[in-house]
1. If R3 satisfies all but one of (1) touching a Leu at 6+ places or on another chain (Cβ under 7 Å); (2) among the charged types (D, E, K, R); (3) under 25 Å from L140 (Cβ atoms); (4) not in a loop (DSSP other than H, G, I, E, B), what's the number of the condition it fails?
Amino acid sequence: MERLGREVAARYPEMAGGNVTQQDAFFVADDALVGVELKLGSKTWPGQVLKYLALMVCEERLTGTRSHIGLLYVTPHRDGSAVLAQAGCSSDGNLPEDFLASIPQSQKNALLERLLAEHGDLFEDASNRLQVCHISWSELHEAAQALADAETGKDAGSETHKRLMQGFAAAIDSHSGCLPA
């Protein structure tokens, strides 16, 4: 698995000269593409989902279609129904058939419009396969702590894994707005 950051502009020539997104995280694997959007207090919107879809379409054009594509929202709220609704998804994380047509014009920039015009069929296919999910910062904190607590190995790899998970949990704990007061 590979994490892509700012190099997406150079990786995808069709994005040259435009701004699609400043993704929080975008992971590429042989069988999956996953975008991660980290939220503290801001809302999301369908146009943000479209920006991640654009990354996914460009990656699949470059390296082939994946079995799994997903977008994970991490928010302070345990109930993810509001973020799924804001994103334009159903409660099960699927996009409606008319998702692309329903995105307000104000949420599309010139580059997104061009990509949609040139590769609309690929966007449709990707939007039909995209699974949008949610996890709260609290749940992520609990999972990291549980992984650290479950680590019982005494070898260097196990100790490193335990410290990484403890550090991740501590970072979430110390960041303002992640966990309930």
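1. (1)
Here's the yes/no breakdown for (1) within 20 Å of V28 (Cβ to Cβ); (2) modelled with pLDDT of 95 or more:
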{"site": "R61", "(1), (2)": "yes, yes"}
{"site": "P76", "(1), (2)": "no, no"}
{"site": "G93", "(1), (2)": "no, yes"}
{"site": "V132", "(1), (2)": "yes, yes"}
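The values are calculated or read from the model by the stated rules, or taken from the named source; none is laboratory data. Fair warning: this is a prediction, and the values are worked out from it, not measured in the lab. Cβ sites come from the backbone with ideal geometry, for glycine too, and all protein chains shown count toward neighbours.
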